[in-house]
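What follows is a single structure, written as structure tokens, with notes after it.
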Amino acid sequence: MSATAILLLAINACLINNVVLSQFLGICAFLGVSQKSSASKGMGAAVTFVLTLSSLVCGIIYKFLLVPTGLQYMKTIVFIVIVAALVQFVEMFLKKFVKSLYDALGIYLPLITTNCAVLGVALLNVQKEYDILTGTIYGFATAVGFWIAIVILSYIREKIVFNDIPKPFRGFPIVMITAALMSIAFFGFSALK
């Protein structure tokens, strides 16, 4: 792929087909961790690391191990194991070096393993037949899109607390309405196609 095509792919993955707001993958972490901006920034960084590295490793394993041995049908199981191993690495790193972020992310950190966005990107890379570099760039751009969305939602949620919201809309309902409005706003980027 040319440099222009890769740039357009990255913009598409980050903004136009945002993994959370357009494809609705990774909603659990998106809604669960977005209460505080500090935790959402940390989750965005963790997902970016895991998604980018898993795209690279899954691409290498698929191309050089699964395809030559005819084991392509094992890709989902192999990709889940790779993602789980990377999440364990991130969890150990945060627990040792960034304990406050580890505590803030709580149960949502191990849930990156089951974050369908991470597995979804690895499978999309194979389905769309991206080479290893293109798949890694696509994974990174998708993760940046996740990061942007979760940080924006966290800032909005921190401000919503101070608003006079009708009782039936308080809590989770207003968060869902906000996420829907964000999705509509990100749909405006589709004009860039």
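Things to note:
- Selection of the stretch 82-92 for residues being surrounded by 12 or more Cβ atoms within 10 Å (Cβ to Cβ) and out of contact with any Pro (no Cβ under 7 Å at 6 or more places or on another chain) yields 82, 83, 84, 85, 86, 88, 89, 90.
- Of all residues in the stretch 14-49, those being surrounded by 24 or more Cβ atoms within 10 Å (Cβ to Cβ) and among the aliphatic types (A, V, I, L, M) number 8.
- Enumeration of residues in the stretch 130-162 that are over 24 Å from residue 119 (Cβ atoms), in a helix (DSSP H, G or I) and of a type in the set (Phe, Trp, Tyr): 155
- For the stretch 101-129, filtered to residues that are over 16 Å from the mean Cα position of the chain (by Cα) and assigned to a helix (DSSP H, G or I), the residue that is surrounded by the fewest Cβ atoms within 10 Å (Cβ to Cβ) is 107.
- Some residue of the stretch 34-47 being farther than 21 Å from residue 123 by Cα, among the basic types (Lys, Arg) and touching a residue at least 40 places away in the same chain (Cβ under 8 Å): yes
- Criterion: closer than 28 Å to residue 12 by Cα and modelled with pLDDT of 85 or more - qualifying residue of 163, 115, 125: 125
- Hey, residue 13 of a type in the set (A, V, I, L, M) and either out of contact with any helix residue (DSSP H, G or I) (no Cβ under 7 Å at 6 or more places or on another chain) or not in a helix (DSSP H, G or I) (or both) or not: no
The values are calculated or read from the model by the stated rules, or taken from the named source; none is laboratory data. Given the structure is predicted, the values throughout are model-derived calculations rather than measurements. Here Cβ is always computed from backbone atoms with ideal geometry, including for glycine, and neighbour counts include all displayed protein chains.
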